[in-house]
Amino acid sequence: MQQQYDLWIGGQWQQASQYETLYNPYNGEALTRIGQGSPTDAERAIEAAHSAFASYSLMSAFQRSEILYRVAEIFGRRREELAAVIALEAAKPLKAARAEIVRTIETYRFAAEAAKSVTGEQIAMDAAEGGQGRIGFTVRLPLGVVTAITPFNFPFNLVAHKVGPALAAGNTIVLKPAEQTPISSLLLADIFTEAGLPPGVLNIVTGKGAELGEVLTSHPLVKKVSFTGSHAVGEIILRRAGLRRTTLELGSNAALIVDKGTDVDAIIDRCVSGAFGYNGQVCISLQRILVHQSLYSRFVERFAAAAFKLVIGSPLEENTDITSLISDKAAERIALWVEEAVTAGASVVTGGQLSRDKEKGNNIYTPTVLTDVPHSAKVWTEEVFGPVAVIQSFGDLPEAIREVNASRYGLMAGVYTPDINSAFMAARQLEAGGVVINDIPTFRVDHMPYGGAKDSGKGTEGVSYAIQEMTQLKLISFNLS
């Protein structure tokens, strides 16, 4: 790993005015020094992207596709090295980091395929009175400069979900990665250069969101903003962005309904992986579990026992399931929320302990299962973004649906049921961007549409759907009479 990383602007490494040391969240070791971009640096990156757009937007779909295929190929060759980077800077368990690299490769391949399918359609102009003698059709054109602001939890794959579609559509991009996970994004500079991407098409500015955010979201040359992060920051971005295009993937509070007749033993391992994978630091991590009263006791017992057996350790160890949370702040918030729930009457079935190694600087929160949680508690109403699952019972399916829908969030929901009518009822009535039948809400493949309802955001990701959000539909009409 390099001793220092600069900013990537206009196809060149450019020094920042200041640098900060990046530390490993698990052992506190210094990893490298990261350039801290200024608003002026962000403006220069946007201008570089704007200059590159004139020629890149005219590049053939075949050429754009080939570049993205080569990116996927390079990721495949370097997969072990890149997985280790995730484990070091994000403290993601190595087996989860490897899975992320596999998904990242697939995402860039989907983008390469989609680059060849950015098409419009013919319009039957003569279907309207007065439309005779006319031919009409639509085309999709790139917007221009896209800015992407990404979170720490999937530092390669969530970046790919913004960079891949933007480049496939013919846009140029300025990427601002999360402050804790900049290395994975900065490595893209060499990867895309090796793949043949022209200078200035991809620009990477690292630093603090509070300092860079306004320029990245309100600069007049920016045509589209794509953000994944908290609801509070998303609201700020929306106000700054004004009428320009925005995609905002915000908070979640993913729920699962386990209906009567479900085979509890068959789903426990899957549910535990959904709740505690990467310490629950996943946008659609399984947080609320509503279990039919006939299955409730058995489910709680089996779920808690499986959670207790998860392996806690270093992210670089092959069998680790649970490791350090991303920051002191995150650990303190999670511990406070659990304590609040317990004070209000909740029961801790397992977990509920924060282990802090001051020498290493890590924060490990044991996998936690709560029952009897008041619905006023934050662990029920807000996004925990940590290894905490809340379980409650319900009497009938309409009751469970009402409980799930009472949340202000609605990104993904899951339902286990052996009854087809119940499945369709839940699919229709659950207020979420996606409903997964007979699986957990944490399920995602990278070409499916992915976006939230209510306070979970606006716009849709999933490669081909993101391309639609990153292009302008234009009508062309010929008068032949």
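Which numbered condition in (1) touching a Ser or Thr at 6+ places or on another chain (Cβ under 6 Å); (2) crowded, with 21+ Cβ neighbours inside 10 Å is the only one that VAL311 fails?
All conditions are met except number (2).
Among residues belonging to the range 417-457 that are of a type in the set (A, V, I, L, M, F, W, C) and in a loop (DSSP other than H, G, I, E, B), point out the one that is nearest to LYS260 (Cα to Cα).
Checking each candidate, the answer is ILE440.
Give me the pairs: first residue in the range 232-258 and under 19 Å from ALA166 (Cβ atoms) and in contact (Cβ under 8 Å) with a residue 60 or more places away in the chain, second residue assigned to a helix (DSSP H, G or I) and among the β-branched types (Val, Ile, Thr), beta-carbon distance under 6 Å, and six or more apart or on different chains, which are they?
Between residues of the range 232-258 that are under 19 Å from ALA166 (Cβ atoms) and in contact (Cβ under 8 Å) with a residue 60 or more places away in the chain and residues that are assigned to a helix (DSSP H, G or I) and among the β-branched types (Val, Ile, Thr), the close pairs are ILE237/THR217.
Out of the residues in the range 232-250 that are assigned to a loop (DSSP other than H, G, I, E, B) and either touching a helix residue (DSSP H, G or I) at 6+ places or on another chain (Cβ under 7 Å) or on the phi > 0 side of the Ramachandran plot (or both), state the one that is surrounded by the most Cβ atoms within 10 Å (Cβ to Cβ).
The qualifying residue surrounded by the most Cβ atoms within 10 Å (Cβ to Cβ) is LEU250.
Residue by residue through the range 163-218, note down the ones that are of a type in the set (S, T, N, Q), crowded, with 24+ Cβ neighbours inside 10 Å and within 18 Å of the chain's Cα centre (by Cα).
Within the range 163-218, THR181, SER184, SER185 qualify.
Any residue in the range 306-315 that is assigned to a strand (DSSP E or B) and of a type outside the set (Ser, Thr, Tyr)?
Let us first name the residues in the range 306-315 that are assigned to a strand (DSSP E or B), namely 312.
Next, from what is left, pick out any that are of a type outside the set (Ser, Thr, Tyr): 312.
Yes, some residue in the range 306-315 is assigned to a strand (DSSP E or B) and of a type outside the set (Ser, Thr, Tyr).
Pairs only if they're at least six apart or on different chains, beta carbon under 9 angstrom, first in the range 448-472 and closer than 18 Å to LEU243 by Cα, second among the polar types (S, T, N, Q) and in a helix (DSSP H, G or I); list them, first residue then second.
THR460/GLN468
Hey, which of the strands (runs of 3 or more DSSP E) in the range 325-402, taking only ones fully inside, have at least 1 residues that are acidic (Asp, Glu)? Explain how you work it out, then say what you get.
Numbers: elements: 347-350, 354-357, 362-365, 368-371, 388-394.
Result: 354-357.
On the given criteria, is ASN253 in a helix (DSSP H, G or I) and either among the β-branched types (Val, Ile, Thr) or within 29 Å of SER314 (Cα to Cα) (or both)?
So ASN253 does not fit the description; no.
Could you tell me which residue of the range 55-113 is nearest to ALA331 (Cα to Cα), considering only residues that are outside any helix (DSSP H, G or I) and under 20 Å from the mean Cα position of the chain (by Cα)?
If we take residues in the range 55-113 being outside any helix (DSSP H, G or I) and under 20 Å from the mean Cα position of the chain (by Cα), then ALA91 is nearest to ALA331 (Cα to Cα).
Which residues, taken from the range 260-277, are buried (at least 24 other Cβ atoms within 10 Å of the Cβ) and touching a helix residue (DSSP H, G or I) at 6+ places or on another chain (Cβ under 7 Å)? Let's see the steps before the verdict.
To start, the set of residues in the range 260-277 that are buried (at least 24 other Cβ atoms within 10 Å of the Cβ) comprises 271-272, 274-276.
Within the range 260-277, CYS271, VAL272, PHE276 qualify.
For ALA148, are the conditions met, namely being part of a strand (DSSP E or B), among the small types (Gly, Ala, Ser), in contact (Cβ under 8 Å) with a residue 24 or more places away in the chain and in contact with a Leu (Cβ under 6 Å, 6 or more places away or on another chain)?
Considered against the rule, which asks whether it is part of a strand (DSSP E or B), among the small types (Gly, Ala, Ser), in contact (Cβ under 8 Å) with a residue 24 or more places away in the chain and in contact with a Leu (Cβ under 6 Å, 6 or more places away or on another chain), ALA148 comes out as yes.
Quick one: in the range 135-162, which of the residues that are touching a strand residue (DSSP E or B) at 6+ places or on another chain (Cβ under 8 Å) and closer than 22 Å to ARG79 by Cβ is surrounded by the fewest Cβ atoms within 10 Å (Cβ to Cβ)?
PRO151
Just checking, which of ALA115, ALA72, ALA99 is in contact (Cβ under 8 Å) with a residue 24 or more places away in the chain and either crowded, with 24+ Cβ neighbours inside 10 Å or out of contact with any helix residue (DSSP H, G or I) (no Cβ under 7 Å at 6 or more places or on another chain) (or both)?
Values: ALA72 fails: either crowded, with 24+ Cβ neighbours inside 10 Å or out of contact with any helix residue (DSSP H, G or I) (no Cβ under 7 Å at 6 or more places or on another chain) (or both); ALA99 fails: in contact (Cβ under 8 Å) with a residue 24 or more places away in the chain.
Exactly one of ALA115, ALA72, ALA99 is in contact (Cβ under 8 Å) with a residue 24 or more places away in the chain and either crowded, with 24+ Cβ neighbours inside 10 Å or out of contact with any helix residue (DSSP H, G or I) (no Cβ under 7 Å at 6 or more places or on another chain) (or both), namely ALA115.
Across the range 14-28, what is the total count of residues that are of a type outside the set (Ser, Thr, Tyr) and either surrounded by fewer than 17 Cβ atoms within 10 Å (Cβ to Cβ) or not in a loop (DSSP other than H, G, I, E, B) (or both)? Give the steps one after another, and end with the answer.
At the first step, the residues of the range 14-28 found to be of a type outside the set (Ser, Thr, Tyr) are 14-16, 18, 20, 22, 24-25, 27-28.
Then keep just the ones that are either surrounded by fewer than 17 Cβ atoms within 10 Å (Cβ to Cβ) or not in a loop (DSSP other than H, G, I, E, B) (or both); that gives 14-15, 18, 20, 22, 28.
The total comes to 6.
Any read-out appearing in this document is the output of simple, stated calculations on the displayed coordinates, not a laboratory observation. Given the structure is predicted, the values throughout are model-derived calculations rather than measurements. In this analysis, Cβ positions are derived from the backbone assuming ideal geometry, glycine residues included, and neighbour counts consider all displayed protein chains.
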